[in-house]
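Read through the structure below, which is laid out as C-alpha cells, and then see the notes.
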Amino acid sequence: MSYVDEVLVKVKEKNSHEPEFIQAVTEVLESLRPVIEKEEEKYRRDAILERMTEPDRIISFRVPWVDDKGQAQVNRGFRVQFNNAIGPYKGGLRLHPSVNQSIIKFLGFEQCFKNSLTGLPIGGGKGGSDFDPKGKSDREIMAFCKSFITELYKYIGADEDVPAGDIGVGAREIGYMYGQYKRITGLYEGVLTGKGLSYGGSLARKEATGYGLVYITDEMLRANGKSLEGKTVVVSGSGNVAIYAIEKAIALGAKPVTACDSTGWVYDPDGIDVAVLQDVKEVKRARLTEYVKARPNAEYHEGKGVWSVKCDIALPCATQNELDLEDAKALVANGCFAVCEGANMPTTLEATEYLQKNGVYFLPGKAANAGGVATSALEMSQNSERLSWTFEEVDAKLKNIMVNIFRNLDAAAKAYGKEGDYVAGANIAGFIKVCDAMLAHGIV
C-alpha cells in the first residue's frame, strides 16, 4: 500500500464521524500523489502526512450568554490551530448553526494551504460556534461575542493566533470581540483582523475576497487565451464575497446575473445591480425578495437553482458543498467553461471531477478565495508597523498576490505533469512550502 493510501485509511478510521474533514483531506492527498511518490520514504520516515492531517490542537468550549428575555443560553465554541510551520495561526471565525468540529477542522486544514499560497508568513487555523446571529438583537450578539472571546482570549495573540471574520462574523462581531479582548488583556494589538477603520482595520478588507476571486479568475482566463470581457457570470451567495465579486466582475466587463441567500435566488437578465444588492443585504439585512421590488425585470425563485442559468463562468460564493454533480452537469450542458470557488470547498468531489473531465477550467477555493486572508495578513502588517495604507495600495498588493498565486500553482501543476489541473497545482504549491518548513523544524 502506498504512503498516501495508508494515511487516508488512518484518517478515515480516526475521524469517521467527520465527513467534511475526510472530504478535504482526501481531495488534497489524492492530488499530492506525484509529489509524495518522488520521495515516499523520506515523507514516511518523518510522518509528514500524519502530522499535516492532525491539528496541533483543538480547543472546544461552552459559550454561555443571556438573551433579551433574560434566559441563559449555551452554545459550543471551537478553535482549531492546525499548523503554524510558516507563521502564526490565521483563519476566520464562523457563526452558523451548522458549525461543528468536522467543519472547523476541514476549514482549518484548507487554510494551511491557502495561507501558504499567499506567500505570506501565516499558518492555518479556524474557529467558530453553532450560535446563529440571524434574528438576534445587537445586545444579544454583543453578549455572545463577549462570552466567546472571554474563553478564546487565552489561546490567541498577535504572534500566536490571529482570528478573522467568516460566515456570520462581520465588522460588528469583530468589534465586540476586540473590545472584550482589549478589556481583559490590556493589550492593543493586531489580534483580530477585519477590524473597523477607526481602530486598526485595513481598507479593502471587506472587498478583498470577492475582488481577489475575480483577479485570479481573470489571470487564469488570460493564461488560456480568454478574458472576462462580455462574459455572463453566475454567482451564488449574497454576502461580502458575492457582492464584491459581482462588483469587480462588472468593472472588468463581465455581466453577473444571479445572487442567492439561504431561502432563494434572483436572476436579473439585465445584470445584477450592485447598489440594490448592497442596500438589501448590507443596509436592510433583508431577503432577496426585496431585490426584485427594485428591479422589475428580475425574477425571484425559492430554493436552489442558480446553477441552472446559462452562463460562461460560475463563481460559487456561498458555502461548502453547494454545487453538486447534477449542478455540474447543468453548467456543462449550458456551456459554462470556468468555475472558480469563492467559498470554501463549495463544489463536491464528484462535481469537481466531472467539471475537470469535461474541460472546464476549475480553480479551487484555497487559491481562488485567498484574497481575504491575504488582506488580513496585510492588516497584520499595518498593525505591526502602526501604519495605514490607502485603498489603492492595498488593492494593488492584493491583485499582485492573486496573480502570483495563479502563476505559482500553474507552474507547480506543470512541474508534476498535471498541466491544467489547478486543484493539483494549488495543493502541491501550498504543500511544498509547509512541508519544507516542517522538515526544517525537525519532529515537533
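Computed values, structure above
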item	result
Rounded to 5, the percent of DSSP beta bridges in the chain classed as antiparallel	55 percent
Extent along principal axes [Cα atoms of region 95-145; Å; largest to smallest]	39, 22, 13
Listed peptides 18-25, 179-186 by packing density, highest first (mean Cβ within 10 Å)	18-25, 179-186
Alpha carbon Rg of region 56-188, scaled by the compact-globule rule 2.2 N^0.38 Å	1.02
Those residues of region 18-38 whose amide nitrogen sits under 12 Å from the label point placed on residue 44, 7 Å along Cα→Cβ	37-38
Region 56-188 - share of DSSP beta bridges that are antiparallel (%, nearest 5)	65 percent
Principal axis dimensions, largest first and in whole angstrom, of region 1-127 by Cα	62, 33, 20
Cα-based convex hull, region 206-368, per residue volume (Å³, whole number)	95 Å³
Percent RCO, i.e. relative contact order, over region 160-309, from Cα pairs under 8 Å lying at least 6 residues apart	16 percent
Theoretical FRET efficiency, 1/(1+(r/R0)^6), r = Cβ-Cβ of residue 37 and residue 404, R0 30 Å, to 0.05	0.65
Mean separation of Cα contacts under 8 Å (6+ apart) over length of the chain, as relative contact order %	15 percent
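FYI, it's all coordinate maths here, none of it is from the lab. From a predicted model like this one, the values you see are computed outputs, not experimental measurements. Glycine gets a Cβ as well: all are built from the backbone with ideal geometry, and neighbour counts include every protein chain shown.
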